[in-house]
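A.B. asks: The structure that follows is given in the form of structure tokens.
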Amino acid sequence: GSNIQKIEDKVKANLNIISYFGLFHHTKSIEKIIDAFKILLDVNPDFRLRLIGDISPRDIHYFEEIKQYAKNHIGEEKIEWFVGKNFEEISGALKESCVCILLYPDGVSFRRTSFLATLELGIPCVTTKGESTPSELLDDENVLFASAPIEIAKKIQYLRDNIRIRERIVKNILTLSKRFSWEMIGKRHVELYQEVVESDEHRTNSNDNG
């Protein structure tokens, strides 16, 4: 997640841009996102995949694996990597997206700062439903639930082909986002990265002691 700044509405969505936003970590199922995007390209070769986020030092190897996986399955010309960007650049890159794909192993919830960022920016989100998913999140109302690549691809194409439905979902998202403040999102963002740093330090100390 990220404490990104909301930008002006002058940035409009490009219906051919699909994004991911968050840490590049093996629990985020980024391979599934790439597989779904590959299915979409067979329907519409104009789609572009925009991967936005940051890398923990312990996940550099995984990030390189993901880049190679994407290159092997899709090629380089259809993918945009936004890594280590500032808040304004991240916000603008997200705002341009038709839809953001966020896959969580335990389901989406309001604890997920990457999801809260999409709410604040009014970006429809294809995401996973699980035990931690609050009842306020409703399929085809303020989120789109999917988990398998073929399901993800179908939901995105559905949104792409039905502009009025997308507009309705965006309206519902922005209404829901009023429940959350950027101060709260920022606080959770700091906590998240403190956990990453502490985990890396613990791992380093364990290796030193070993």
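The values are calculated or read from the model by the stated rules, or taken from the named source; none is laboratory data. Bear in mind the structure is a predicted one, so any value in this text is a computation, not a measurement. In this analysis, Cβ positions are derived from the backbone assuming ideal geometry, glycine residues included, and neighbour counts consider all displayed protein chains. Please note that ligands, DNA and RNA were not included when accessible areas were found on the heavy atoms of the full protein model with its side chains. Shrake-Rupley method; radii C 1.70, N 1.55, O 1.52, S 1.80 Å.
A.B. asks: Could you order peptides 163-175, 85-97 by the average number of other Cβ atoms within 10 Å of their residues, highest first?
C.D. replies: Working: 163-175: 14.6, 85-97: 18.5.
Order by mean packing, descending: 85-97, 163-175.
A.B. asks: Another one. Would you please state which residues of segment 56-99 a label at Val43 would reach in this model, taking the label point 7 Å out along Cα→Cβ and a backbone N cut-off of under 19 Å?
C.D. replies: 74, 78-79, 97-99
A.B. asks: Percent of accessible area on segment 1-132 owned by carbon and sulfur, 1.4 Å probe?
C.D. replies: Solvent-exposed carbon and sulfur of segment 1-132 make up 46 percent of the total.
A.B. asks: Might you tell me the accessible area per residue for segment 73-187, computed with a 1.4 Å probe and given in Å²?
C.D. replies: Values: 5290 Å² over 115 residues.
Here the per-residue accessible area is 46 Å².
A.B. asks: For segment 112-141 and segment 165-181, compute the distance between their C-alpha centroids and round to whole Å.
C.D. replies: Cα centres, segment 112-141 to segment 165-181: 10 Å.
A.B. asks: Another question, if that's okay. Which order, highest average first, do 127-136, 143-152 follow once you tally other Cβ atoms within 10 Å for each residue and take the mean per peptide? Provide the component values of the computation, followed by the final result.
C.D. replies: On the way: 127-136: 14.3, 143-152: 19.2.
In descending order of packing, they fall as 143-152, 127-136.
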